[in-house]
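No lab work stands behind these numbers, since they all come straight from the coordinates. As the structure is a prediction and not an experimental result, all values here were calculated from the model. Here the Cβ positions follow ideal geometry from the backbone for every residue, glycine too, while neighbour counts run over all protein chains shown.
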Amino acid sequence: MKRVRIAELKDRLSSYLRAVEQGAEIEVTDRDRPIARIVPVGHPAHRVRIIPAARSFAEVRQRRYRRTKLPIDIVDVLLEDRRLR
């Protein structure tokens with residue numbers, strides 16, 4: 001990993017970004033103290049894919065489902081989840 005001072009990064013930002021684009025990692029320092037790391041973005045396959053809907057919203061708008069009879073109270077589940085955060 002290459003270490004670079006802030007002033008040098010500012011002077012040669014484009015070349016450092018090209019290096020990162022090719023897979024390099026850059027550690028940015030301020031008075032020899034690491035403050036940031038510039039790393040390449042993950043593989044394009046990890047990006048969000050938008051899949052078009054099979055049916056339009058108008059087709060399913062009026063559809064209603066039966067209530068589920070769960071043995072738990074959903075409010076309790078929500079409160080427990082919030083306590084864990």
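Points to keep in mind about this one:
- In sequence order, calculated HN-Hα J values of region 71-85 (Karplus, 6.51, -1.76, 1.60; Hz; x Gly/Pro): x, 10, 9, 5, 5, 4, 5, 5, 5, 5, 4, 5, 5, 6, 7
- Full extension of the chain between Asp81 and Tyr65 gives 3.2 nm of extra length, using 0.36 nm per residue less the Cα-Cα distance.
- Cα-centred dipole magnitude for the chain, charges only on beta-carbon of K, R (+1) and D, E (-1), debye, nearest 20: 540 debye
- Helical content alone sets the calculated 222 nm signal of the chain at -9000 deg cm²/dmol, taking -39,500 (n - 2.57) per DSSP H segment of four or more residues and averaging over every residue.
- Percentage, to the nearest whole number, of Cα pairs in the chain over 23 Å apart: 63 percent
- Mean sequence separation of contacting Cα pairs (under 8 Å, at least six apart), scaled by the length of the chain, corresponds to a relative contact order of 20 percent.
- Working note: Karplus 6.51/-1.76/1.60 with θ = phi - 60° gives region 49-56 the couplings 9, 9, 9, x, 5, 6, 10, 6 Hz, where Gly and Pro are set to x.
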